Amino acid sequence: MVYRTQKLATPLVVVAVLLFLVQLIFGGILALYYISPNILSGTLNFNLARAYHLNALLFWLFSATFAAVIYVLPVLSGREIAYPGILKIIVLLLLVVVVGGFLSLPLMQEGRNAWALGQPLLYEGKEYVELGRLWDAILVFAFILFALVVLKTLPPMKEWPLALWALVFGAAITFVLYIPGNIFFKHVPTSEYFRWWTVHYWVEGALEVAYAGAFGLLLMVLIPREEVKRVVDKYIFYDVVLAATSGILGQGHHYFWIGTPTFWIMIGGIFSALEILPLTLMAFEALRIAKKSNIKFENLPSMYFMVGILLFGLVGVALQGLVITWPWTNWWEHGTWVTMLHAHECMMAFSMGAISLILFAVPGLTGKPIDRTFTIWGKRAFYLMATGQIILATSFGLAGISQIFNYWIKGEPWSTVWSTRSLFMPGVVVGGAIVFLGYLYYASTIFRHLLFPVREEPYRVEKAPPTYMNTLRGLPLLIVLSIVFSLIGAAGIWSFFSEQVLVGRNPVVPYVTTAISFIGLAILLELMIIKFTRALEHQYYEI
Amino acid sequence: MYLKLFVSAMAISFLIAIIAFVIIARRKEEAKPEEIPHKKLGKMLIIMSIAFVLVVTPLSVDVAEPRNPQPDEVFYKGYTAAEGFRVAIDYNCMGCHTIVGNGAYYAPDLVYVARTAWYPETIRGLLEAFAGTDYMPFNLTDEELDKLTAWMIYLRDLNTNKWPPMPPKEVVLSEKTFKETSEAKTLYDKYCSACHGVDGSGVVPGTPNFRDVNWWESRLNEVGWSGLVDVVLSGKNAMPAFSDKLTPEQARSILEYAYGFSGVEVAGAKIIVGGYSFEESFQENLERWYESEAAWIVYWLFTVIMSSLLIYVFFYWYARG
């Protein structure tokens, strides 16, 4: 490690890894609720467990992002971080918000909240933004301090590469838009309208713009060649233009049915369908860069997770999004478990970005080498998490389809809807268990590096002849195939409008087509992940 | 109509983008490695989309011409829906239910529940039945139940563009179709009922029958709400002026309360709730200027221009990036 101030990232890394554990435990508790609804009722209500499940996720993503920025900042600017004292205060403030926010959430079981100036102070019952104003205020204060530190440390703006602009602006927009979503509005459409500013633009601003910038910078640091900078600059520019335009207007897909005007059904419908453009292009662009640069990566696990964000971004965010974003399909799937399929894969893309950053930073932070065990455990963590999440998310999607038919069309009582949906719970539980196993590998990798001496040999790639499974061969075809499968899924949900389903009460067509689509997409995603990661390992980049 | 607009916008923008790409981009020489073509166009696209969202925000949050019931104006036993939303926030209803489709999916959607139950008493009965059980393990007070009922009536009446899909159901309008506010009722009973009658039928000869919806329609066509407010404040014929006792807002709320009497005559009318076509909502919402046919032309043009430029940039990047 070259810079002293980089070390400040370590506590945040630890917090991020531990909060991930909290998230998974509460996810498991939520699954228990589907086995028996009175399992913890009264002591730890479902809504409280869910609030922890979501907020632990958000906080560990925040912590990981902060840690990554602290780690990369001195390298980028070629000097120590300005005001390390303030940085310590920021870390402390973050911890205060996590602890305070988490301790005040249980008050919701009694409905005991404190209100001032028309705002709830301790917690707020709005998903994703459950923090009360008190904690929000501290968090925003920490963000402002952090922005000051970052801007003070970075070289003058004129010298910034485009990737840095993207990173800083993506991050800044994410933090600024944190504010409107949190304010309490007494009008439900207004409240939901601004809540999506926060939640949707997190994904747009943070995932697509800031992560694109972060990974562009990573590439530049890893491969210090002039041509790489140019390729990255260009790709960042077009990616930001496409992602920002389609993302800002595609926001409208949240505004179809929440009491907002009809024109959003037009704007949101068309531009959110176009949201697949930047992500598909990113996948193609990654193939192109891989082919051109042809380099060997030291830190394989970090690169694996980077592939994860790319492919989960393509299939989970873009294509599963394309299945449900058309007004004719969204009308049916909105408010059902089909959304959970999309949400869980989206958040996995998000998380993989953060994990990739952490795995990238940890060897540098500890000054210990990247050895065999680090690589092998990291790889196992990746495969387990990816596979588990795909199984879990796909089960949610299939269950959601039965929910549409039983609830919206047959108008069955909730208990029937519940029991038909629960048929798919084993898939969720098995998937969740696999993700948890992956987490154990991931946490062990990190703590082993932080706490124990690392003296093993570096990982050596076994020689293998290029086959279909360890090259990028045929990958463009797989990408096109997955677009086709997502369109089949959209057609499947759309077919709920047919006479056969509405009048004849015969759900075979939508059931079969969506099953083909969801399972097909899951298999394609898994296949692409294996091919891409193994090609990376063996450096077989030919397409 | 909507299908046509949607498909035509998509098709035309793809067509424009392809033509533009073939004519402009194909002819140009290969870009130099350090140059980023269409830099200005890209920046413009981002600025335009931000500008659009900012411009339509006031329309979307019911500031311009409201399309939804307002939370302060929906009442149940003297409590407003706004107070009910606070209770919902305090107990984190969204952590189990979905509200307008957003939230957790553990329990049924509240708009769906409110529309299926429909009648305020039924809604309150549901809340009362579930509160304190393992499903809703909190002890709600009577006051909180009333507030939540008001809030669910408000959710029921939200203009959600016909979502959620539900089996069509016939309901009887038993209540007044117009808002009843406790303050307005108190003021009406204090200042107006002596002459106009507590039920609006008119005690003193010469006073209009507030229960007659035709009288209201003709008066509203003639002078509008502001004209009627003027009558209350400055008086007319035998009626004294109330400008020293009432503010214009209070006068307006009293008038709206009185208008509610005409709703007595529509009680017993039947309407169909639910169904499976969101496209009907385009017709039903045409009355507001920002959802009118003229406005739709603007949205359509905007969509075509923006998406054709976007697709053009996409092609350009793919072919020459």
task: Count, please, the residues in the stretch A:87-134 that happen to be at pLDDT 90 or above and of a type in the set (Ser, Thr, Tyr).
output: 2
field: Complete set of residues in the stretch A:102-113 that are among the hydrophobic types (A, V, I, L, M, F, W, C) and within 11 Å of chain B (Cβ to nearest Cβ)
entry: A:Leu105, A:Leu107, A:Met108
- request: Report, by residue number, each residue of the stretch B:115-139 that is aliphatic (A, V, I, L, M) and surrounded by 14 or more Cβ atoms within 10 Å (Cβ to Cβ).
  value: B:Ala117, B:Ile123, B:Leu126, B:Leu127, B:Ala131, B:Met136
query: Can you spot a residue in the stretch B:250-267 that is facing chain A (nearest Cβ under 9 Å) and part of a helix (DSSP H, G or I)?
result: no
message: Condition check: without any contact (Cβ under 8 Å) to a residue 60 or more places away in the chain and either at the interface with chain A (Cβ under 7 Å from one of its Cβ atoms) or in contact with a strand residue (DSSP E or B) (Cβ under 8 Å, 6 or more places away or on another chain) (or both). Does B:Pro71 satisfy that?
response: no
- line: Result of the Cβ filter at 6 Å on the stretch B:111-128, keeping first residues that are in contact (Cβ under 8 Å) with a residue 24 or more places away in the chain and partners that are surrounded by fewer than 19 Cβ atoms within 10 Å (Cβ to Cβ) and not in a helix (DSSP H, G or I), at least 6 apart or interchain, is B:Arg115/B:Val273; B:Trp118/B:Val171
query: Of the numbered conditions (1) crowded, with 17+ Cβ neighbours inside 10 Å; (2) more than 27 Å from A:Ala343 (Cβ to Cβ); (3) within 14 Å of another protein chain (Cβ to nearest Cβ); (4) of a type in the set (A, V, I, L, M), A:Ala116 satisfies every one except a single condition; which is it?
result: (1)
query: Given the conditions (1) at pLDDT below 95; (2) surrounded by fewer than 22 Cβ atoms within 10 Å (Cβ to Cβ); (3) more than 27 Å from A:Lys531 (Cβ to Cβ); (4) of a type outside the set (Val, Ile, Thr), which single one is not true for A:Ala443?
result: (1)
- prompt: If a residue has to be more than 7 Å from every other protein chain (Cβ to nearest Cβ) and surrounded by 22 or more Cβ atoms within 10 Å (Cβ to Cβ) to count, how many in the stretch B:88-114 make the cut?
  reply: 5
message: Just checking, does the stretch A:448-456 include any residue being in the same structural domain as A:Ile493 (by TED's automatic domain parsing), among the charged types (D, E, K, R) and in contact with a Lys or Arg (Cβ under 6 Å, 6 or more places away or on another chain)?
response: yes
task: Considering only the stretch B:114-137, state which residues are touching a Leu at 6+ places or on another chain (Cβ under 7 Å) and of a type in the set (A, V, I, L, M).
output: B:Ala114, B:Ala117, B:Leu127, B:Ala131
- prompt: Pick from the stretch B:158-173 the residues that are in a loop (DSSP other than H, G, I, E, B) and more than 7 Å from chain A (Cβ to nearest Cβ): which of them is nearest to A:His334 (Cα to Cα)?
  reply: B:Lys162
message: So if I check each of A:Thr190, A:Thr153, which one is hydroxyl-bearing (Ser, Thr, Tyr), out of contact with any Gly (no Cβ under 6 Å at 6 or more places or on another chain) and under 30 Å from A:Val228 (Cβ atoms)?
response: A:Thr153
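Here is a list: A:Val203, A:Val149, A:Val232. Which entry is closer than 30 Å to B:Ile89 by Cα, in a helix (DSSP H, G or I) and either assigned by TED's automatic domain parsing to the domain that holds A:Gly353 or of a type in the set (Val, Ile, Thr) (or both)?
Sole residue among the options that is closer than 30 Å to B:Ile89 by Cα, in a helix (DSSP H, G or I) and either assigned by TED's automatic domain parsing to the domain that holds A:Gly353 or of a type in the set (Val, Ile, Thr) (or both): A:Val203.
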task: Could you tell me whether any residue of the stretch A:132-149 is in contact (Cβ under 8 Å) with a residue 40 or more places away in the chain and closer than 24 Å to B:Gly84 by Cα?
output: yes
task: Inspect the stretch A:375-386 for any residue being in contact with a Ser or Thr (Cβ under 6 Å, 6 or more places away or on another chain) and within 30 Å of A:Glu457 (Cβ to Cβ) and give the result as yes or no.
output: yes
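Here's a check for you: in the stretch B:24-64, which residue that is modelled with pLDDT under 85 and more than 10 Å from chain A (Cβ to nearest Cβ) is surrounded by the most Cβ atoms within 10 Å (Cβ to Cβ)?
B:Ala25
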- prompt: Given the structure, is B:Tyr276 in contact (Cβ under 8 Å) with a residue 24 or more places away in the chain and either on the phi > 0 side of the Ramachandran plot or hydroxyl-bearing (Ser, Thr, Tyr) (or both)?
  reply: yes
query: Say we look at the stretch A:31-47 and pick out the residues that are closer than 24 Å to B:Asn139 by Cβ and in contact with a helix residue (DSSP H, G or I) (Cβ under 6 Å, 6 or more places away or on another chain); which of these is nearest to the other protein chains (Cβ to nearest Cβ)?
result: A:Asn47
message: When the residues of the stretch A:261-274 are narrowed to those that are facing another protein chain (nearest Cβ under 10 Å), assigned to a helix (DSSP H, G or I) and over 20 Å from the mean Cα position of the chain (by Cα), which ends up surrounded by the most Cβ atoms within 10 Å (Cβ to Cβ)?
response: A:Ile270
- prompt: Looking only at residues in the stretch A:27-55 that are assigned to a helix (DSSP H, G or I) and without any contact (Cβ under 8 Å) to a residue 40 or more places away in the chain, which one is surrounded by the fewest Cβ atoms within 10 Å (Cβ to Cβ)?
  reply: A:Leu32
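Condition check ((1) assigned to a helix (DSSP H, G or I); (2) touching a Lys or Arg at 6+ places or on another chain (Cβ under 6 Å)) across all residues:
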site: B:Arg115; (1), (2): yes, yes
site: B:Thr122; (1), (2): yes, no
site: B:Asp134; (1), (2): no, no
site: B:Asn139; (1), (2): no, no
site: B:Asp146; (1), (2): yes, yes
site: B:Ile153; (1), (2): yes, no
site: B:Arg156; (1), (2): yes, yes
- request: For A:Tyr128, indicate whether it is hydroxyl-bearing (Ser, Thr, Tyr), within 12 Å of chain B (Cβ to nearest Cβ) and surrounded by 22 or more Cβ atoms within 10 Å (Cβ to Cβ).
  value: no
field: Selection within the stretch B:74-85 - surrounded by fewer than 23 Cβ atoms within 10 Å (Cβ to Cβ) and facing another protein chain (nearest Cβ under 7 Å)
entry: B:Ala82
- request: Could you pull out the residue among A:Ile258, A:Ile236 that is touching a Pro at 6+ places or on another chain (Cβ under 9 Å), more than 7 Å from chain B (Cβ to nearest Cβ) and buried (at least 24 other Cβ atoms within 10 Å of the Cβ)?
  value: A:Ile236
query: Restricting to the stretch A:502-525, what's the tally of residues that are over 18 Å from A:Gly397 (Cβ atoms) and among the β-branched types (Val, Ile, Thr)?
result: 1
Flag if A:Leu277 is surrounded by 23 or more Cβ atoms within 10 Å (Cβ to Cβ), in a helix (DSSP H, G or I) and either within 10 Å of another protein chain (Cβ to nearest Cβ) or at pLDDT below 90 (or both): yes
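The values are calculated or read from the model by the stated rules, or taken from the named source; none is laboratory data. Computed from a predicted structure; not experimentally measured. Glycine gets a Cβ as well: all are built from the backbone with ideal geometry, and neighbour counts include every protein chain shown.
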